[in-house]
Amino acid sequence: MKTLKYILCALNIALLLICCSEKPPKEEREMAEKAYKDALLGKDCDREDYLAAEELLNMAREAVNNKKYDEARTLFLAAKERADAIAKYVREHPDECTPKDAKGDSGEDGSGSIAEQTFVDEANNPSNPDMEFPTIHFEFDQATIYADDLPLVEMMISWMQNFPEKVVRIEGHADERGSIDYNLSLGEKRAIEVKTKLLQAGIDPQRIKIISYGEEQPVDPASNEDAWFKNRRAEFKRVN
Amino acid sequence: MSFFSKLAAAFMLIIVSAPAWAQVRVEVTEGAISEYNLAVSPIAVTDSANTALAEDLATAIERVFDITGYFKILDKRSFLEKPDVDFTAVDFKSWTNVGANGLVKGKISGSGGEVDLELAFYDVSGAKQLFRKKYTAAQNMLKTAAYRFTAEVIKTLTGEEMNFMFSKIAFVEKNGHQYNLVVTNFDGSGRNVIHSTTKTILLPEWSADGTKIYFTSHESNNPNLYVIDIKSRQKTLVSAYEGLNTSASAHSDNKTISLCLSKDGNSEIYSLDTETKSLTRLTTNSATDTAPSVNSAGTEVAFVSNRAGNPQIYKLSLSDPANVERLTEQGKYNQDPEFSPDGKKIAFTGRDEFYKFDIFIINLETRAIERVTQNQGKNESPTFSPDSKIIAFSSNRDGKNKLYLSNVAGTKQFAVYSGEGEVVTPTWSQVTNQ
């Protein structure tokens with residue numbers, strides 16, 4: 001799975017070099033999103049930069065949706081710059097930015113021996129009947145699965161193939177922006193999109209139920225990009 | 001009709017003086033607050049037990065005049081006069097000095113069950129009383145009586161028939177996972193919880209006769225459409241196709257509804273005869289089509305579609321549903337259309353270039369789009385009063401979502417209801433009880 005992802009990634013970068021404005025700026029987006037995630041610690045101590053980074057990221061994603069890729073690229077880079085500034089601020093003001101219970105001495109001096117053991121992650125093992133079901137995330141106002149979550153759909157397909165008597169329900173959700181009716185339709189489209197992936201892999205349609213809750217069941221009730229990202233999702237539930 | 005006449009009989013109305021208002025007129029233009037200054041003098045009481053009631057009534061009267069946007073309400077602190085109970089000796093010179101063009105005076109006499117409410121309206125510039133009325137009613141009906149008086153003053157001054165003050169609004173009050181279907185008077189008073197559940201109550205819509213409310217709920221694990229009788233609280237399943245059964249919009253024949261169903265794998269608009277259960281599909285498009293709003297003539301349905309890539313407002317003709325017209329071009333996120341009862345306007349929620357959700361109104365004659373809210377939080381779900389003059393909507397400009405009213409020009413807006421939860425998706429009944 002991972003190798004495939006790297007190949008796809010390399011292919012994408014190659015394509016990016018050939019035709020710059022034809023493709024969404026995936027690399028810039030990943031850099032900006034990673035920088036934004038890394039900057040989370042500075043959410044409260046460098047609020048101004050944090051809000052600016054969030055807004056820029058928001059505008060960049062919107063530009064991608066509107067296929068304005070050059071604009072999106074500039075915006076992603078600007079968002080990354082802001083997020084980097086937060087990270088810098090956090091580094092320079094550790095007392096102000098580190099939650100109190102997270103402080104402590106690392107005490108690492110490089111000496112001593114290391115014992116290493118590898119565990120199979122049972123929670124994410126499709127051979128485990130009790131596998132923890134993944135949550136699939138989506139682009140804003142779209143039923144397009146967030147690229148990073150495609151392997152999670154594959155994991156779910158493997159589980160469905162391993163346990164052919166099992167029936168699941170896919171619950172589609174939207175973030176809080178937009179009207180209740182539109183978001184119910186959007187949540188349903190997302191559930192249908194995931195269902196379609198399962199059907200394409202040969203899963204029996206009788207084993208897949210769908211339902212939309214629209215914007216009614218956020219996992220994070222906050223009104224910011226981070227919460228909206230988490231809330232635009234499809235969840236799998238066991239029916240039997 | 002008999003229900004209304006019974007209600008009318010609840011008041012005993014005496015016209016104390018003959019009308020003499022032919023010359024007084026306020027020129028009203030939508031969007032401009034008139035320079036007509038109106039003073040509402042504190043209402044006098046003969047029994048001090050009615051002091052709070054008198055204050056409530058004076059405030060209620062002021063707010064009705066205020067929300068129209070047609071008058072400037074004078075600040076009570078600027079009044080030179082104390083309330084007096086003499087309706088015939090009015091010191092017009094003093095009222096002129098504080099800048100008043102019109103004056104309302106009132107008095108509550110008696111105490112206990114039924115009381116008398118006398119209200120008079122004066123043309124200060126012309127130094128004369130235009131009319132004076134006495135209403136005898138139980139205390140809980142006095143506000144409606146006072147609203148009748150305001151409707152007459154508005155009619156006298158502007159020539160416009162307004163009846164928004166005699167109607168009800170329903171909305172969902174959401175507190176965490178708790179959903180309440182709430183009905184209040186237009187001014188947010190008289191909260192009445194019709195239905196409660198933790199399994200969602202969504203998108204309420206009045207039946208044309210104002211006795212029932214349609215809503216969608218996940219109570220039986222599919223978003224099905226129900227109708228609930230307001231008096232008996234009896235809940236009936238209306239539509240339970242697999243997938244979405246949402247966004248009911250009631251036709252004025254009191255039996256047909258337009259709604260969104262996704263039974264064919266995609267959100268489409270249908271009309272449903274709730275008696276015969278016969279279903280007509282109105283849209284055929286691979287994009288999402290939802291949020292229908294039928295006009296009161298029953299000829300057109302406004303709706304949301306993302307067939308052009310993002311949600312925009314469209315309308316279709318019921319006699320020829322393939323005849324679809326796009327109404328919004330600006331912005332990339334326009335939703336929640338609602339026809340005005342006079343059929344001349346469509347209000348909707350749009351997201352502007354700053355990612356803010358605001359209320360806009362399309363003038364169907366000129367196709368001009370006017371903005372109603374701006375720079376004041378998130379504003380959503382507009383719904384028109386029966387006279388098409390006022391809209392109700394939800395706004396979080398004060399933190400949490402409250403029920404707001406605004407005139408259609410947006411020149412006056414204020415909150416009328418705020419409860420424990422968030423106010424979502426208000427819907428204005430088209431029935432009036434005067």
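State whether one or more residues within the stretch B:79-97 are part of a loop (DSSP other than H, G, I, E, B), surrounded by 14 or more Cβ atoms within 10 Å (Cβ to Cβ) and under 27 Å from the mean Cα position of the chain (by Cα). No, the stretch B:79-97 has no match at all.
For the structure I just gave you, tell me whether residue B:276 is touching a residue at least 40 places away in the same chain (Cβ under 8 Å), over 27 Å from residue A:190 (Cα atoms), surrounded by fewer than 23 Cβ atoms within 10 Å (Cβ to Cβ) and of a type outside the set (D, E, K, R). Steps first, please.
Working: touching a residue at least 40 places away in the same chain (Cβ under 8 Å): no; over 27 Å from residue A:190 (Cα atoms): yes; surrounded by fewer than 23 Cβ atoms within 10 Å (Cβ to Cβ): yes; of a type outside the set (D, E, K, R): yes.
No; evaluated as a whole, the condition is false for this residue.
Selection over the stretch B:142-185 of residues that are under 18 Å from residue B:425 (Cα atoms) and of a type in the set (Ser, Thr, Tyr) gives a count of 3. Tell me yes or no: at least one residue of the stretch B:270-287 is touching a helix residue (DSSP H, G or I) at 6+ places or on another chain (Cβ under 6 Å) and over 18 Å from residue B:388 (Cα atoms). No, the conditions are met nowhere in the stretch B:270-287.
Specify which of the listed residues (B:230, B:201) is open to solvent by less than 10 Å² (accessible area, probe 1.4 Å) and assigned by TED's automatic domain parsing to the domain that holds residue B:172.
On the way: B:230 fails: open to solvent by less than 10 Å² (accessible area, probe 1.4 Å).
After applying the criteria, what remains is B:201.
Here is a yes/no grid of residues against (1) open to solvent by 10 Å² or more (accessible area, probe 1.4 Å); (2) touching a His at 6+ places or on another chain (Cβ under 9 Å); (3) more than 16 Å from residue B:88 (Cβ to Cβ):
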| position | (1), (2), (3) |
| --- | --- |
| B:107 | yes, no, no |
| B:114 | yes, no, yes |
| B:120 | no, no, no |
| B:126 | yes, no, no |
| B:132 | yes, no, no |
| B:143 | yes, no, yes |
| B:149 | no, no, yes |
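A quick yes/no check of all residues on (1) part of a loop (DSSP other than H, G, I, E, B); (2) within 13 Å of chain A (Cβ to nearest Cβ):
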residue: B:307; (1), (2): yes, yes
residue: B:337; (1), (2): no, yes
residue: B:349; (1), (2): no, yes
residue: B:404; (1), (2): no, no
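Conditions tested, residue by residue: (1) part of a loop (DSSP other than H, G, I, E, B); (2) open to solvent by 30 Å² or more (accessible area, probe 1.4 Å); (3) farther than 23 Å from residue B:215 by Cβ; (4) in the same structural domain as residue A:40 (by TED's automatic domain parsing).
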{"position": "A:181", "(1), (2), (3), (4)": "no, no, no, no"}
{"position": "A:197", "(1), (2), (3), (4)": "no, yes, yes, no"}
{"position": "A:222", "(1), (2), (3), (4)": "yes, yes, yes, no"}
{"position": "A:229", "(1), (2), (3), (4)": "no, yes, yes, no"}
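Identify the residue in the stretch A:201-215 that is of a type outside the set (Val, Ile, Thr), in contact (Cβ under 8 Å) with a residue 12 or more places away in the chain and within 13 Å of chain B (Cβ to nearest Cβ) and, among all such residues, is farthest from residue A:60 (Cα to Cα). Checked the stretch A:201-215; the qualifying residue farthest from residue A:60 (Cα to Cα) is A:209.
Here is a check on your reading of the model: is residue B:217 under 23 Å from residue B:426 (Cβ atoms) and open to solvent by 60 Å² or more (accessible area, probe 1.4 Å)? Full working, then the answer.
On the way: under 23 Å from residue B:426 (Cβ atoms): yes; open to solvent by 60 Å² or more (accessible area, probe 1.4 Å): no.
Considered against the rule, which asks whether it is under 23 Å from residue B:426 (Cβ atoms) and open to solvent by 60 Å² or more (accessible area, probe 1.4 Å), residue B:217 comes out as no.
The values are calculated or read from the model by the stated rules, or taken from the named source; none is laboratory data. Since the model is a prediction, treat every value here as computed from it, not as a measurement. We place every Cβ from the backbone using ideal geometry, glycine too, and count neighbours over all the protein chains shown. The accessibility values were calculated without ligands, DNA or RNA, using every heavy atom of the protein model including side chains. Shrake-Rupley method; radii C 1.70, N 1.55, O 1.52, S 1.80 Å.
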